[in-house]
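In what follows, a structure is listed as structure tokens, so that the remarks can point back to it.
The values are calculated or read from the model by the stated rules, or taken from the named source; none is laboratory data. This one's a predicted model, so the numbers in the text were calculated from it and none came from an experiment. For neighbour counting, all protein chains shown are included, and Cβ atoms are generated from backbone atoms with ideal geometry for every residue, glycine included. Ligands, DNA and RNA are stripped out before the accessible areas are found, and what is left, the full protein with its side chains, is counted by its heavy atoms. Shrake-Rupley method; radii C 1.70, N 1.55, O 1.52, S 1.80 Å.
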Amino acid sequence: MQKRTASLMSKTKKTFPLAGLWDNGVHSYRTRIYYDKTDAAGLVYHAEYLCMAEQARTESLRSLGLFQRSLFKTDGIVLTVRHCSIDFKRPAFLDDLIEVKTRFKRIAGARVFLAQDISCVEENLDQTKFLVGMEFQIACVKRCGRPTRFPENLRLTISNIINAN
């Protein structure tokens, strides 16, 4: 068993930390499809793609040192989805390894615009098959729910990522 595990591990080309990886302004986050994310046929339930996108966005911010709980406690703001469009191309299945790529595109006032692509990773080939494309507008709002401009440190961090594209 140890020999097989060692050979499988040696085939892995990239090691992904929990928070994902940044490369040229694009954040990549990987997750596995487990039974609880699928329907009776083993297909990923459509709403789960939104959950995967949320996890990837959160980890992209965390990897930049931006923690949503801290933003709420110190700045009194939350980040919330204002608009989302989804284009489903192919389904994901039970046991698939999924990669979510997040690209921040533009920040303006109280909104940030970003794109997220979800692909299935062909583990032995280190290639991906495109599954789902999403476009988001994320709004910065005060505790009371009213829009507010992004704090300068958050705006600057996201702007630097956008400029890295």
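Descriptive notes on the structure:
- Of the residues VAL121, SER70, GLN55, the one whose Cα sits farthest towards the positive end of the charge dipole of the stretch 11-128 is SER70 (charges of +1 on Lys and Arg Cβ, -1 on Asp and Glu Cβ, taken about the Cα centre).
- Pairs exceeding a 25 Å alpha-carbon distance, out of LYS37/LYS142; LYS37/LYS73; LYS73/LYS101; LYS105/LYS129: LYS37/LYS142; LYS37/LYS73; LYS73/LYS101.
- Full extension of the chain between ALA115 and ILE86 yields a length gain of 9.4 nm, computed as 0.36 nm times the residue separation minus the alpha carbon distance.
- For the chain, the carbon plus sulfur part of the accessible surface works out to 51%, probe radius 1.4 Å.
- The angle between the Cα long axis of helix 47-63 and the longest principal axis of the Cα atoms of the chain comes to about 70 degrees, rounded to the nearest 10.
- Within the chain, the longest run free of chymotrypsin sites (Phe, Trp or Tyr not before Pro) that sit in a DSSP loop with at most 16 other Cβ atoms within 10 Å is 68-165.
- Note on the chain: with charges restricted to the Cβ of Lys and Arg (+1) and Asp and Glu (-1), its dipole about the Cα centre is near 560 debye.
- Ligands, DNA and RNA are left out, and with a 1.4 angstrom probe the accessible area of the stretch 10-93 is 64 Å² per residue.
- Extension gain for the segment THR74 to ASP23, taken as residue separation times 0.36 nm less the Cα-Cα distance, is 15.4 nm to one decimal.
- Summed over qualifying helices (DSSP H, 4 residues or more, each -39500 (n - 2.57)) and divided by its residue number, the chain shows a 222 nm mean residue ellipticity of -7500 deg cm²/dmol.
- Charges were assigned to the Cβ only: +1 to each Lys and Arg, -1 to each Asp and Glu. The resulting dipole of the stretch 88-132 about its Cα centre is roughly 580 debye.
- In nm, spacing of pseudo-spin labels at LEU50 and LEU94 (7 Å Cα→C-beta vector): 2.5 nm
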